Structure formats: structure tokens, C-alpha cells
Amino acid sequence: MTTAHPTRVDDIRVWKTRAYQGKRGTTYGVRWRVNGREHHKTFATAKLAEIFRSNIVVGARRGDHFDERSGLPTELAPPARTTTWLEHLWNFMDVNGNRPRWRTSPSRAPSGPSWTA
């Protein structure tokens with residue numbers, strides 16, 4: 001898996017927070033663009049959206065490095081994953097001895113009490 005390298009960017013644009021009146025309530029969205037690629041994140045309250053927006057603006061003004069994939073300053077960007085979810089699952093099952101039977105048995109082999117006579 002390749003990881004996105006943080007880069008210092010000059011092309012950062014942040015729009016004002018927008019309210020969306022939905023069927024189940026109002027949500028608030030923040031839109032921003034980094035190197036020509038737009039990003040969007042939705043929040044339940046206006047205050048959370050404004051705090052998130054201000055973190056992006058402060059990072060841009062300070063000249064922080066931005067992650068290319070997420071569009072966030074490196075301190076807000078999620079850490080890069082080293083293993084996939086499936087690899088993590090197999091490792092967990094190996095450690096706990098819960099390897100599924102179908103990995104080691106033939107495809108039509110009877111298993112469990114429903115197959116016993």
C-alpha cells in the first residue's frame with residue numbers, strides 16, 4: 001500500500017460553512033481545496049464545523065504541510081495504515097487459535113453436529 005507524502009502547498013482555498021436542511025435535521029458542511037482537489041466533511045453542529053474549518057485555515061496560514069490524499073494538515077490527517085483490515089483479522093485469528101475450519105478442510109467435508117448421524 002502506498003502512502004501519500006505530505007507536501008507544502010500554496011493553493012489552499014476554504015469556503016464558508018454551509019448549512020444543509022435535511023429530512024432528519026440540519027447538518028453543516030466544510031469544503032476546502034488543496035492543489036486543485038476538493039474535499040468535504042459534514043458535521044452535526046455548526047460549532048464543530050467551524051472549529052474544523054478554523055483548524056484548516058490556521059494550518060494554511062502557518063504554512064503547514066498538507067496530506068495529499070485527505071487534504072488535511074499533517075497533524076489532523078489520519079495515520080497511514082500499514083496492514084489491511086483483512087490482514088489484521090487473519091493475524092487476530094491466528095493468535096487466538098480461531099482459524100476457520102474451511103481453510104484447512106476439503107470443500108465438501110462434513111463438520112459440526114448437523115452432519116452426524
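Hey, among K41, K16, K47, which residue is closer than 24 Å to D67 by Cβ and out of contact with any strand residue (DSSP E or B) (no Cβ under 8 Å at 6 or more places or on another chain)?
K16
With respect to (1) at pLDDT below 85; (2) in contact with a helix residue (DSSP H, G or I) (Cβ under 8 Å, 6 or more places away or on another chain), the lone exception for F66 is condition (1). When segment 46-68 is filtered for residues that are in contact with a Ser or Thr (Cβ under 9 Å, 6 or more places away or on another chain) and not in a helix (DSSP H, G or I), the ones remaining, listed by number, are D64, H65, F66, D67, E68.
The values are calculated or read from the model by the stated rules, or taken from the named source; none is laboratory data. This structure is a prediction, so every number in the text was calculated from the model and none was measured. For neighbour counting, all protein chains shown are included, and Cβ atoms are generated from backbone atoms with ideal geometry for every residue, glycine included.
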